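Heads up: the structure comes next, in C-alpha cells.
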Amino acid sequence: MAAAAILVDLIVGDPRWPTHPVIRIGQLIKLLERWLYKVEQGNRYTGRGLRLRGIILTIATVITAYTVLAIIVFTADAIHPWLGYIVNVWFISTTIAVKGLKDAAMLVYRPLAAGDLAQARQYTAYIVSRDTDQLSESEAARAAVETVAENTVDAFLSPLLFALLGGAPLAMAYRAANTLDSMVGYRNERYRFFGWCSARLDDVLNYVPARLSAIMLPLAALLLRGMSGKRAIHAVFVFARRHPSPNSGIPESAAAGALGIELGGVNQYFGQVSERARLGWPLRPLTADDIVKTVRLLYLTCILTLIGVLALWWLVC
C-alpha cells in the first residue's frame, strides 16, 4: 500500500477535489482553537492553564483524525477488500507531499531564473514564515532549499513510516500532529504555552524519520552528479546539533553538505532579526539552481525509499 501511495503522490500530487484531508484537519484545529483559547482582557489564563488547553487541542485533533480514517477504511474494507485497499492507498498518498513540495519550490525557482525577484519573494512567502519582502535572490533560494530539505522528513519519510506501521489511519494521525505544529507550534506570545504540546509531539514523531534521512539523503547524493554523499554525512555529524530543532538540522545539514553550500544565517520574523545556525560549508555561492538540485535530491531519496519498501515487502511476503 505504501509503495502504491508514493506512486499516486508522484503522479497526482495534492488533489483539488475532493477537498484535501489536511485542509479539513486545519479547519478542525481552527475550530478547536476558538473554543479552547478564549482570553478576555484582564482575565488571561496562566501558562499552566494554556498548556492544559493545548494538550486537549492536540489529543482531540490527533484522535479525531485517526478515528475518522479508521472508520472510513473499515467501512470500505467491509464492502470489499479491494475497495479497502484503494481507500487506504488514496488517503496515505494525501499524507505524502513530494510532488506538492516540488511544485511549491519550482514556483520560487522559475521567477528567480527569469530575474523576477518580486514574484519570487511572493511565492517564497507561501512556504516559509519569515519575512520575505526584502529577500535577496540567494536568500529566496536558500528559503526554498531549506524548505525542501526539511520537508523530506515531514512530507515524505515520516508519513511513509507511519503508513507502514498502521496504514492510512496512523499516517493521517501523524499528518494531524504535523499540521498542529505548523499552525500553533510557535514560540511567540500567543502559542508559547498553548502550542507547547503540539510542538513536542511533532518532535517525537519525527525523531526516527529524521535520522533515517541521515542515511537516505547522503545515499541519494552519492548517486547524483555534482553532489557529495560523503560530505553530506560529514555535515550531519558536524552541523545538525546546532539547529534549534532536534530533527530539522539533520536533513538540512545533509542537503547543505551534499550541495556544498551554507544554509541558515540571518532571517527576519515579523520585523525581528533572528540568527539561525549556519549549516554546511560555503564552498560556492548559493543560487537559484540549488532549488532544482535539492528537488532532484528529494526525488531520488523518494525513489530509493520506494525501492527499499518494495524490497522489504518482497522479503516479508
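The values are calculated or read from the model by the stated rules, or taken from the named source; none is laboratory data. Note that the structure is predicted; figures quoted are calculated from it, not measured. Note that we place each Cβ from the backbone using ideal geometry, even for glycine, and neighbour counts take in every protein chain shown. Please note that ligands, DNA and RNA were not included when accessible areas were found on the heavy atoms of the full protein model with its side chains. Shrake-Rupley method; radii C 1.70, N 1.55, O 1.52, S 1.80 Å.
For region 117-136, the set of residues classified as of a type outside the set (Ser, Thr, Tyr) and under 23 Å from the mean Cα position of the chain (by Cα) consists of 120, 121, 122, 125, 127, 128, 130, 131, 135, listed by residue number. Might you check whether a residue that is open to solvent by less than 70 Å² (accessible area, probe 1.4 Å), farther than 30 Å from residue 141 by Cα, in contact (Cβ under 8 Å) with a residue 40 or more places away in the chain and not basic (Lys, Arg) occurs anywhere in region 41-48? For region 41-48, residues open to solvent by less than 70 Å² (accessible area, probe 1.4 Å), farther than 30 Å from residue 141 by Cα, in contact (Cβ under 8 Å) with a residue 40 or more places away in the chain and not basic (Lys, Arg): present. Taken over region 174-215, the criterion of being within 17 Å of residue 163 (Cα to Cα) and not in a helix (DSSP H, G or I) is satisfied by 206 alone. Scanning region 241-267 for residues that are buried (at least 19 other Cβ atoms within 10 Å of the Cβ) and polar (S, T, N, Q) returns 247, 248, 253, 267. Identification of helices (runs of 4 or more DSSP H) wholly contained in region 75-134 with 1 or more residues that are under 21 Å from residue 287 (Cα atoms) and open to solvent by less than 20 Å² (accessible area, probe 1.4 Å) yields 98-113, 117-124. Scanning region 135-171 for residues that are among the acidic types (Asp, Glu) and open to solvent by 40 Å² or more (accessible area, probe 1.4 Å) gives 137, 139, 150. Residues of region 226-243 that are more than 8 Å from residue 257 (Cα to Cα), in contact (Cβ under 8 Å) with a residue 12 or more places away in the chain and of a type in the set (D, E, K, R): 230, 242.
Say whether the condition of being among the hydroxyl-bearing types (Ser, Thr, Tyr), closer than 30 Å to residue 196 by Cβ, out of contact with any His (no Cβ under 6 Å at 6 or more places or on another chain) and in contact (Cβ under 8 Å) with a residue 12 or more places away in the chain is met by at least one residue in region 74-88. No, because not a single residue in region 74-88 is among the hydroxyl-bearing types (Ser, Thr, Tyr), closer than 30 Å to residue 196 by Cβ, out of contact with any His (no Cβ under 6 Å at 6 or more places or on another chain) and in contact (Cβ under 8 Å) with a residue 12 or more places away in the chain. The residues of region 276-311 that are modelled with pLDDT under 95, touching a Gly at 6+ places or on another chain (Cβ under 6 Å) and open to solvent by less than 50 Å² (accessible area, probe 1.4 Å) amount to a single one, 277.
Would region 22-29 turn up any residue that is in contact (Cβ under 8 Å) with a residue 40 or more places away in the chain and either open to solvent by 70 Å² or more (accessible area, probe 1.4 Å) or outside any helix (DSSP H, G or I) (or both)? Within region 22-29 (the criterion being in contact (Cβ under 8 Å) with a residue 40 or more places away in the chain and either open to solvent by 70 Å² or more (accessible area, probe 1.4 Å) or outside any helix (DSSP H, G or I) (or both)), the answer is no, since none of the residues qualifies.
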